[in-house]
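The values are calculated or read from the model by the stated rules, or taken from the named source; none is laboratory data. Just so it is clear, the structure is predicted and the values come from calculations on it, not from any experiment. Cβ sites come from the backbone with ideal geometry, for glycine too, and all protein chains shown count toward neighbours.
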Amino acid sequence: MPNTVKINQEDEFRDYWLINSPIHRHLYEQISYNLSNIKHRQNCTMFLTTYGGDPDAAFRIARALGHYYNEIRIVIPSYCKSAGTLIAIGAHHLAIGDMGELGPLDVQVHKQDEYNESGSGLDAIQALEACLEHAQRSFVNILKATKSHTNISTRLAGDLAAKLASGVLSSLYTQIDPNRVAEMQRAMSIAMHYGGRLNKKTGNLKGNALIDLATSYPSHGFVIDRKEAASLFNRVSDLNMLEKNILEVEEIWGKISNPSGKCIVENINLVADPIIHEAKLKNTEVKENEQIDQSSNGKCIQPHDMLGGDRNEDDHSKQSVQRGNETKSKRGTKTSRKDIEPERESV
């Protein structure tokens, strides 16, 4: 594990969950059962991969997490689409990996007369908008063409343009079922209402982000990567080093890398806790080495520096011996008067 792993104190008080499953009631029941039968910690980090599913179940899952945990962090290493995005709104912080992506909130509605097929709740609404836009454009084009090539009045040209435009569109409108349109509108309002209720607690959505998620994207599979998500959510970041190290565990990455049709719900504290413990030990070792380097920076430690107070006594002894030698030297070289006087008598 690299020394750059930074461990915060709150990381030790988190539960770590891995969820890879379609969003349905059985998943909600499984998560609720697990949460109620373990001694959970204050906060949680959830690694989530899903193609989406039932918005009702997604709302219940997000509510259940908020009931048991003070702070929720959702890690998105891969796909987290549709109803998965609804769960993400219930998180206080999103961590989206380089290959991670969210999706729009357009609820999928089962197609009539089709087996196991569904379509976006925006399909019928966008069809109506396209028809209206085409009708308006047709009316203007017919009116301009009629006025430029004939001498009839504008009123008569307008009536003619209106009849022609409505005749073109009547066949299109007869194919749209009003009851189906109402069903689609109700389906879209589900995502709006659920998202608004979840955001009241977390406050992670920006101003009009909920409306944009529900209506502004052109397709159900539209990619909302980390950069795009930052324009919708207040707290979005890359994965931290701890989360990246957890995903480097081969068993974990194999279970979370691609959406599964199975219901995978696992508490992975037994994987995360040893990584946190090892990182703490290495960080402590790095700090101790830094303190040693700082204390010895610019200093050369001599052997006598390790003796502490004995150094002063040794210096004092050396100075005393040196003074004694100087005194003896002076005494040995001093000339007496008796040695001088005989020399004078001889002269």
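Considering Glu290, Glu285, Glu250, the condition of being closer than 30 Å to Lys39 by Cα and over 16 Å from the mean Cα position of the chain (by Cα) is satisfied by Glu250 alone. Is it true that Val181 is modelled with pLDDT under 75 and under 30 Å from Gly90 (Cβ atoms)? Against the criterion (modelled with pLDDT under 75 and under 30 Å from Gly90 (Cβ atoms)), Val181 qualifies. Could you please let me know if Gly167 is at pLDDT below 75 and either part of a helix (DSSP H, G or I) or within 15 Å of Asp106 (Cα to Cα) (or both)? The answer is yes for Gly167. Here Glu71 clears all of (1) out of contact with any Cys (no Cβ under 7 Å at 6 or more places or on another chain); (2) farther than 16 Å from Glu243 by Cα; (3) crowded, with 21+ Cβ neighbours inside 10 Å except the condition numbered (3).
Note on the stretch 12-43: residues that are acidic (Asp, Glu), part of a helix (DSSP H, G or I) and under 20 Å from the mean Cα position of the chain (by Cα) total 1. Just one of the listed residues (Gln175, Gln126, Gln108) is at pLDDT below 80 and closer than 30 Å to His67 by Cα, and it is Gln108. Looking only at the stretch 228-243, residues that are over 11 Å from the mean Cα position of the chain (by Cα) and among the charged types (D, E, K, R) come to 1 in all. Residues that are of a type in the set (S, T, N, Q) and in contact (Cβ under 8 Å) with a residue 60 or more places away in the chain number at least 1 in the following helices (runs of 4 or more DSSP H) confined to the stretch 203-287: 209-215, 241-247. Taken over the stretch 242-285, the residue count meeting the criterion of being surrounded by 14 or more Cβ atoms within 10 Å (Cβ to Cβ) and hydroxyl-bearing (Ser, Thr, Tyr) is 2.
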